[in-house]
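What follows is a single structure, written as structure tokens, with notes after it.
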2 protein chains.
Amino acid sequence: MSLLVVGSVAFDDVRTPFGEVRGVLGGSATYFGIAASYFADVNLVAVVGDDFTDESLDLFRTHRVNIDGLERRSGKTFRWSGEYGFDLKEATTHATHLNVFETFEPKLPASYRACPYVFLANIDPVLQRQVLEQMEAPELVACDTMNFWIEGKPKELKETLRHVDILTINDSEARELASQPNIYEAAQAILAMGPSALIVKRGEYGALMFNEEKVFAIPAYPLEAVFDPTGAGDSFAGGFMGYLANVRNVTDATLRQAIIMGSVMASFNVEAFSLDRLRAVTYDEILERFKAFRRLVHFEDIGSGELAVQRLMI
Amino acid sequence: MSLLVVGSVAFDDVRTPFGEVRGVLGGSATYFGIAASYFADVNLVAVVGDDFTDESLDLFRTHRVNIDGLERRSGKTFRWSGEYGFDLKEATTHATHLNVFETFEPKLPASYRACPYVFLANIDPVLQRQVLEQMEAPELVACDTMNFWIEGKPKELKETLRHVDILTINDSEARELASQPNIYEAAQAILAMGPSALIVKRGEYGALMFNEEKVFAIPAYPLEAVFDPTGAGDSFAGGFMGYLANVRNVTDATLRQAIIMGSVMASFNVEAFSLDRLRAVTYDEILERFKAFRRLVHFEDIGSGELAVQRLMI
């Protein structure tokens, strides 16, 4: 079952308390695509410069990611430089060189247009809508965005959201998009904008899903060593959408499993720089961590009448 | 089954974005005691001034909290004034008047000394140890503390922890106590100090438990309206210890259920100022919210071979 992703392919310079790498492969479409590739056929749309190496293409090839939609242009590939402090929460961006990404206009190869599942990574909401306009009749559209677009292009973003089934954003973005400090009320406001499900990414605190007046909440997988959080949100989205494309059945039950699978892929991703861990994970490891998630949150029900005494007469 | 709590009984002035109250009943032992009273016989040790009203005593009486250990002294009752901002996370303290609490020396009535379960709320670790020295042979000792003692009396606190089975503290306190930014590594360091279980309270993000090389993680119950977070940690501890005292069986399974019960009681507590909601909750409501917690985190396992394709040959 095939899945389309539109986003960035980039070279990153990343420093964390545990080390530093320069010019490593990154970008939202890269993290998403490799994570999703374990579960589904991925069609990637992005742009790179003429500095993009064959070695990097190899990663997509070994993971059977279709890169017919990876445009190569003269100029340099998008480059991001950032640093994480000791708590590994928010990155401080040192430099963002958009380069060829600055004038990116997603063009879908004809073979991509019938793709049933779509993920619009965090790019200009106008471009996100242009992607949808090139598609035939996608069954499921998920989308990411960020405060830059919420503040800079609110009307365009809201127009895009009318065509989106699932929005995946973080806690503060959800509050900002809805102008509501309470996340529960923010979720209801966002669901009224178009999406039928909202997934709130909370980093080390896990994720929330709001859909059909239901709420699903899950902690993040506790890791002894988080090495580099770069790409966590996109590998989450890749595992999530990849799983849904695999089972091709979008219900409350499969959405919940998909959120766990997204959390599993994100938990692997942050164990190493760039895609070093994500590209090398095995199916046994993926399924074992899914089961570990079940143990992590498991508790027994209380049988009726099991509490020894009902003490109060008030 | 009986449970002893030592802590504060106070009058609070609280302002939140939703309103303001002055001189309402509060204090760690109060929140703990009322929450625990739904599940177990509670023996309370604290001190109040001669301004303490009969109306406030009525709350303890209707909840059958034993106040033989509530010392009355000439002077004023402990008074705390604080304010919560729009995110309702951390309180800004405007004033702390310890009053009679400043020279509090917990004295246990003879009838309390054989009590099997003990909760030492957040007070000077030297006083916490004095309580334990007055007891015969408690089966289970749980304890809270805060950054003030972690920074101000680290040696005394570590001595107390040698006699404690379960420590309940928040995220940043755990990192500070262990001098470890990673919460997983912090937990291992704290378990090496004495406790056999560590419960990390994460406010709106729920709770973590580390014990026997296991981890349990649970989100907080999502509430449409959080009104006043004061007492959330102590009502959590009250529900937690009350439940354990009720089932009188401390295993990984009952500890997990107890954490849910603590979360249930905390979720009720924050729905209103002071103890207005906590004092009026019914058993049906408690058990219904416990079940709602199960629905909140529920997801199905993936059957073996259920994933359609194992795609990679790498």
request  = Look through the range B:85-128, keep the residues that are acidic (Asp, Glu) and more than 20 Å from the chain's Cα centre (by Cα), and return whichever of them is nearest to residue B:5 (Cα to Cα).
outcome  = B:105
key: Search result, residues across the range B:177-190 that are more than 12 Å from chain A (Cβ to nearest Cβ) and within 19 Å of the chain's Cα centre (by Cα)   = B:177, B:190
key: Residue among B:212, B:173 that is of a type in the set (Asp, Glu), in contact (Cβ under 8 Å) with a residue 40 or more places away in the chain and touching a helix residue (DSSP H, G or I) at 6+ places or on another chain (Cβ under 8 Å)   = B:212
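Among residues belonging to the range A:191-216 that are away from chain B (no Cβ under 12 Å) and among the charged types (D, E, K, R), point out the one that is farthest from the chain's Cα centre (by Cα).
Initially, the range A:191-216 is screened for residues away from chain B (no Cβ under 12 Å), giving A:191-199, A:201, A:211-212.
Filter once more, so that each one left must be among the charged types (D, E, K, R): A:201, A:212.
On the way: A:201: 9, A:212: 21 Å.
It comes out as A:212.
Give the range A:256-285 a look and list any residue that's among the aliphatic types (A, V, I, L, M), more than 22 Å from residue A:56 (Cβ to Cβ) and at the interface with chain B (Cβ under 9 Å from one of its Cβ atoms), or say none. I'd like the intermediate steps shown before the answer.
Of the range A:256-285, the ones among the aliphatic types (A, V, I, L, M) are A:258-261, A:264-266, A:270, A:272, A:275, A:278, A:280-281.
Checking the rest, the ones that are also more than 22 Å from residue A:56 (Cβ to Cβ) come to A:258-261, A:264.
Answer for the range A:256-285, where residues must be among the aliphatic types (A, V, I, L, M), more than 22 Å from residue A:56 (Cβ to Cβ) and at the interface with chain B (Cβ under 9 Å from one of its Cβ atoms): A:259, A:260, A:261.
Give the residues of the range B:286-301 that are among the aromatic types (Phe, Trp, Tyr) and at the interface with another protein chain (Cβ under 7 Å from one of its Cβ atoms), sorted by residue number. Step through it out loud before you land on a result.
As a first pass, look at the range B:286-301 and keep what is among the aromatic types (Phe, Trp, Tyr): B:290, B:293, B:299.
Within the range B:286-301, B:290, B:299 meet the criteria.
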key: Tally of residues being more than 9 Å from residue B:232 (Cα to Cα) and surrounded by fewer than 24 Cβ atoms within 10 Å (Cβ to Cβ) across the range B:258-267   = 0
inquiry  = If I filter the range B:85-98 for residues that are more than 29 Å from residue A:182 (Cα to Cα) and of a type outside the set (S, T, N, Q), do I get at least one hit?
reply    = yes
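Among the strands (runs of 3 or more DSSP E) confined wholly to the range B:1-73, which include 3 or more residues that are within 23 Å of residue B:272 (Cβ to Cβ) and of a type in the set (Gly, Ala, Ser)? Step through it out loud before you land on a result.
On the way: elements: B:2-6, B:10-16, B:19-26, B:41-48, B:66-72.
So the answer is B:19-26.
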task = Return a yes/no flag: does the range A:232-255 have any residue that is among the polar types (S, T, N, Q), crowded, with 19+ Cβ neighbours inside 10 Å and facing another protein chain (nearest Cβ under 8 Å).
result = yes
inquiry  = Exactly one condition in (1) in contact with a strand residue (DSSP E or B) (Cβ under 8 Å, 6 or more places away or on another chain); (2) modelled with pLDDT of 95 or more is false for residue B:110; which is it?
reply    = (1)
request  = Could you check the range A:116-186 for strands (runs of 3 or more DSSP E) lying wholly inside it with 1 or more residues that are touching a Cys at 6+ places or on another chain (Cβ under 7 Å)?
outcome  = A:117-120, A:166-170
query = Is it the case that the range B:72-84 has a residue that's among the acidic types (Asp, Glu) and surrounded by 17 or more Cβ atoms within 10 Å (Cβ to Cβ)?
reply = no
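The values are calculated or read from the model by the stated rules, or taken from the named source; none is laboratory data. Here the structure is a predicted model, which is why all the values come from computation and not from measurement. Every residue, glycine among them, receives a Cβ derived from its backbone with ideal geometry; neighbour counts consider all protein chains shown.
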